[in-house]
Amino acid sequence: MTPSLTERAMNDPKKTLVQGLRQAVPYINALEHKTLVILFGGEAVVDVERFASLIHDIALLDSLGLKLVLVHGARPQVEAELAEMGHEPRFAEGVRITDTVALDAVKEAVGATRILIEGLLSMGLANSPMHGARLRVGSGNAVVARPLGVREGVDFQYTGEVRRVDGELIRAWHQADTIVLLSPLGYSPTGEVFNVSAREVAVMAARTLGAEKLVMLTEEGGIVDHDGRLLSDLSVPQAERLLAADTAMLDADQAEALDNAIAACRGGVRRVHLVPRKLDGALLLELFTRDGVGTMVFADQYEGARPATIDDVGGLIELIRPLEEDGTLVRRSRERLENEIDRFTLLERDGAIIGCAALYAFPDEAIGELACVAVHADYRRGGRADALLGAIEARARGMGLTRLFVLTTRTAHWFRERGFEPADLDALPVGKREMYNFQRRSKVFVKPLL
């Protein structure tokens, strides 16, 4: 049988595009007019085909109204210049020793790399993603540096460290709708030029500007655990513990990137993303999808429980509908949810409701009902249901309740494991006992609140 027009439309790749755009809209709105610092190494620039795609994605971000700061590295370019000069590169503790010959190589490499990037950002060919973009790019002496000096008996000569980034200059560029391009060169008040770390430049720029996000495009991308699973988000304390206790899991580059991410967050940057630069579209996937493709290190409470408000009813309905349809939860009408919304506690992740639980109090009998416990199917690992239970228990204690009860048909084992004990109907408060649905045959469990 020939598929109908409607069936063909449902299977059309355009449907996937529409769904993706709809999912991206909240993230686009949240980032509009915000400052975003993007760091990429010289390896990304050398990878011509992938880098062209990255430039297209950067142009898209600019068109969405973000204030962009691009920070580029140039390590492979510097190595190539030194090889051409016949000069042996020297390092100490992983840091380049920049003598006068190496500084000339750095200037040549950085200059050529910057010109290449500026050229790509200036493209506007018809039938290309850059058509009509008309991007303006600003670069200059925004990075102030000082010499690294002599350390452990090693003179690093023209290798420097970043003292500050001129935030006033960058903001002026942004006011003129200009993308800012920063290079791994710093300038001193005495007129000297120093070779500095691109990552250090990016972190200082993000901190100075109070950037919403710092995105670091790295060779390995996100951090994975011992089982090879991506750690999609880490709080600063979690990242610090990982760096201190599990360095065997990280290579040197990942450890350095994680350390930089922590420094940025400690300096006021809300979120730092470690993203695989070899994945096509990684920048957009990380910014505009719920879970991204890398590891996000966050300084604020990215995921947490909070009381529900009337504005949450739509998201709450979407969360619990699948569990109502399979019989796990009792069906609740929109009107009922609106009337009872103040009894719900929600678990939120980056603005999306991913979990809920409700508390119905019977204060005369000092007992409360734990109801409508639900966690989105994509987030049922990581103790989120336990977090909801903890929030409800704290709320119940604050109301002077001494016990919680729950009625369940399918998740008895979960509640048993968390201190709920089987009970008969007599344990229920009178009002609930009279409303008990004998057809549903829910089991009763009670937990004392210590």
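The values are calculated or read from the model by the stated rules, or taken from the named source; none is laboratory data. Nothing here was measured: the structure is a model prediction, and the numbers come from that model. Heads up, the Cβs are rebuilt from the backbone with ideal geometry, glycines too, and the neighbour counts pull from every protein chain shown. Just the protein is used for accessible areas: all its heavy atoms, side chains included, with ligands, DNA and RNA removed. Shrake-Rupley method; radii C 1.70, N 1.55, O 1.52, S 1.80 Å.
The mean of 1/r over all pairs of different alpha-carbon atoms in the stretch 291-450, once inverted, gives a Kirkwood hydrodynamic radius of 16.5 Å.
Can you give the percent of C-alpha pairs in the chain whose distance is more than 40 Å? Within the chain, distances greater than 40 Å cover 36 percent of Cα pairs. Take every Cα pair under 8 Å whose residues are at least 6 apart in sequence, average their separation, divide by the length of the chain, and the relative contact order is 11 percent. Taking the 1.4 Å solvent-accessible surface of the stretch 10-110 as the whole, the part contributed by carbon and sulfur is 55%.
Close amide H pairs (under 5 Å, H built 1.01 Å from N) link ARG136 with ILE179, residues at least 5 positions away or on another chain.
The lysines within cross-link reach of LYS443, meaning a Cα-to-Cα straight distance under 28 Å and a gap of 8 or more places when in the same chain, are LYS432.
If you bin all the Cα-Cα distances of the stretch 89-243 at 10 Å, starting from zero, the percentages per bin are 9, 29, 32, 24, 6, 0. Springs between Cα atoms under 10 Å define the GNM used for the chain, and in it the highest mean-square fluctuation of ASP378, ASP251, ASP166 occurs at ASP378. A DSSP coil position with no more than 13 other Cβ atoms inside 10 Å describes the following GluC sites (Glu not before Pro) in the stretch 340-427: GLU417.
Stretched out fully, how many nm does the piece from GLU318 to LYS14 gain, at 0.36 nm a residue minus the Cα gap? Walk me through the numbers before you get to the answer.
On the way: separation 304, 0.36 × 304 = 109.44 nm, distance 2.37 nm.
Separation in residues times 0.36 nm, less the Cα-Cα distance, equals 107.1 nm.
Taken over the alpha carbons of the stretch 39-87 as equal point scatterers, the Debye sum produces base-10 log I(q)/I(0) values at 0.13, 0.19, 0.23 Å⁻¹ of -0.40, -0.68, -0.85. Tell me which of VAL215, GLY268, GLY327 sits at the most positive position along the dipole axis of the stretch 198-331, charges placed on C-beta atoms (Lys, Arg +1; Asp, Glu -1). It is GLY268, whose Cα lies furthest towards the positive end. What the phi angles of the stretch 57-68 give under the Karplus curve with 6.51, -1.76 and 1.60, with θ = phi - 60°, is a coupling list of 5, 5, 4, 5, 4, 4, 5, 8, x, 7, 8, 9 Hz, glycine and proline written as x. In the stretch 205-287, inverting the average of 1/r over every pair of distinct C-alpha atoms gives 13.1 Å as the Kirkwood radius.
Hey, what D do you get for the stretch 31-123 in µm²/s if you plug the Kirkwood alpha-carbon radius into Stokes-Einstein at 37 °C and 0.692 mPa s? This corresponds to a translational diffusion coefficient of 224 µm²/s.
For LEU234, the residues whose modelled amide H falls within less than 5 Å of its own, excluding neighbours fewer than 5 places apart on the same chain, are MET296, VAL297, PHE298.
Our coupling estimate for the stretch 30-45, obtained by passing each phi through the Karplus curve with A = 6.51, B = -1.76, C = 1.60 and θ = phi - 60°, is 5, 9, 4, 6, 8, 8, 10, 9, 10, 10, 9, x, x, 4, 5, 5 Hz, Gly and Pro reported as x. Couplings 3J(HN,Hα) of the stretch 50-55, computed from phi: 5, 5, 4, 5, 4, 4 Hz, in residue order, whole Hz [Karplus 6.51 cos²θ - 1.76 cosθ + 1.60, θ = phi - 60°; x for Gly and Pro]. When the chain is treated as a Gaussian network with alpha carbon springs shorter than 10 Å, the biggest mean-square fluctuation among ALA205, ALA427, ALA142 belongs to ALA427.
If you take every DSSP beta bridge fully contained in the chain, what fraction is antiparallel? Give it as a percent rounded to 5. Taking every DSSP beta bridge within the chain, about 60 percent pair in antiparallel fashion. Taking amide H as placed 1.01 Å from N in the peptide plane, PHE362 has its amide H under 5 Å from the amide H of ILE367, GLY368, GLU369, each at least 5 places away in sequence or on another chain. What lysines sit close enough to LYS14 to cross-link, taking a C-alpha to C-alpha distance under 26 Å and skipping anything fewer than 8 places away on the same chain? Filter leaves LYS278.
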